[in-house]
1. Can you pull out the strands (runs of 3 or more DSSP E) entirely within the range 103-176 that have at least 3 residues that are among the hydroxyl-bearing types (Ser, Thr, Tyr) and touching a Lys or Arg at 6+ places or on another chain (Cβ under 9 Å)?
2. Please pick out the residue among Arg48, Arg60, Arg54 that is out of contact with any helix residue (DSSP H, G or I) (no Cβ under 8 Å at 6 or more places or on another chain), surrounded by 11 or more Cβ atoms within 10 Å (Cβ to Cβ) and among the charged types (D, E, K, R).
3. With the condition kept exactly as written, say whether any residue in the range 72-94 is open to solvent by 50 Å² or more (accessible area, probe 1.4 Å), assigned to a strand (DSSP E or B) and not hydrophobic (A, V, I, L, M, F, W, C).
4. Which ones in the range 155-177 are open to solvent by less than 40 Å² (accessible area, probe 1.4 Å) and under 21 Å from Ile45 (Cβ atoms)?
5. If I filter the range 104-119 down to residues being closer than 16 Å to Gln153 by Cα and among the polar types (S, T, N, Q), which single residue comes out as surrounded by the fewest Cβ atoms within 10 Å (Cβ to Cβ)?
6. List every residue pair whose Cβ atoms sit under 6 Å apart, with the two residues 6 or more apart in sequence or on different chains, where the first one lies in the range 155-184 and is more than 18 Å from Asp108 (Cα to Cα) and the second, anywhere, is surrounded by 14 or more Cβ atoms within 10 Å (Cβ to Cβ) and of a type in the set (D, E, K, R).
7. Could you tell me which residue of the range 133-154 is farthest from Thr103 (Cα to Cα), considering only residues that are touching a residue at least 40 places away in the same chain (Cβ under 8 Å) and open to solvent by 60 Å² or more (accessible area, probe 1.4 Å)?
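The values are calculated or read from the model by the stated rules, or taken from the named source; none is laboratory data. Keep in mind that what you see is a predicted model, and the values were worked out from it rather than measured. Positions of Cβ are backbone-derived with ideal geometry, glycine not excepted, and every protein chain shown enters the neighbour counts. To get the accessible areas, we keep the full protein, side chains included, count just its heavy atoms, and leave off ligands, DNA and RNA. Shrake-Rupley method; radii C 1.70, N 1.55, O 1.52, S 1.80 Å.
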Amino acid sequence: MQPPNYIIRDATSSDIPKCVAIDHSYSTDIVWQMNSFNDDGVWQISFRSGRLPRSIEVQRPTFALRLQQSLAPEQCFLIATDQEDASTVLGYMIMHVDGVYRTATIYDLVVDRPLRQTGIATRLLRIARQWAQERDIQRILAEVRTKNYPAIQFFQKNGLSFCGFNDQYLPAQDIAVFFGQTLR
């Protein structure tokens, strides 16, 4: 599907309900599985992609409070809107900055389901990289659930590499994996 003509702009508070209304769900038949092994104090952790017996539909939570906090001027909250109807939000991205470590973490990169794989997410990521470089951010990170194989593929395709995990980071015992890229 070809996306409508769209523009990317900074978000405003009136965009938050429209962002929450976007279809955040996704389906996958592949997940990242974590294996851990402790042999006499030596830990070995590995991840491998595993095919599920059938495709699952995942309803991804949306946090309006996190969107509201992302409106702060030191954070990055970008919106893709229809060029002809600026009230129609096609997708959005939020990235929070840690000024001490000069890193920025992408928490949400969402495109409305019918418009996925049309280049909107790639353009949002490219503009977020430019935004970060203009603020002397040295590294971007992306937080992804191990169940979100489409997002894992997206970030790897766009130059981010696996750089860590936290098995107690997300609710419902979901494991968060992190992908990162150094900006030059």
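1. Result: empty, no element qualifies.
2. Arg60
3. No, the conditions are met nowhere in the range 72-94.
4. Phe155, Leu160, Gly164, Leu170, Asp174, Ile175, Ala176, Val177
5. It comes out as Gln117.
6. Close Cβ pairs satisfying both conditions: Thr182/Arg139.
7. Among those residues, the one meeting the criterion is Lys147.
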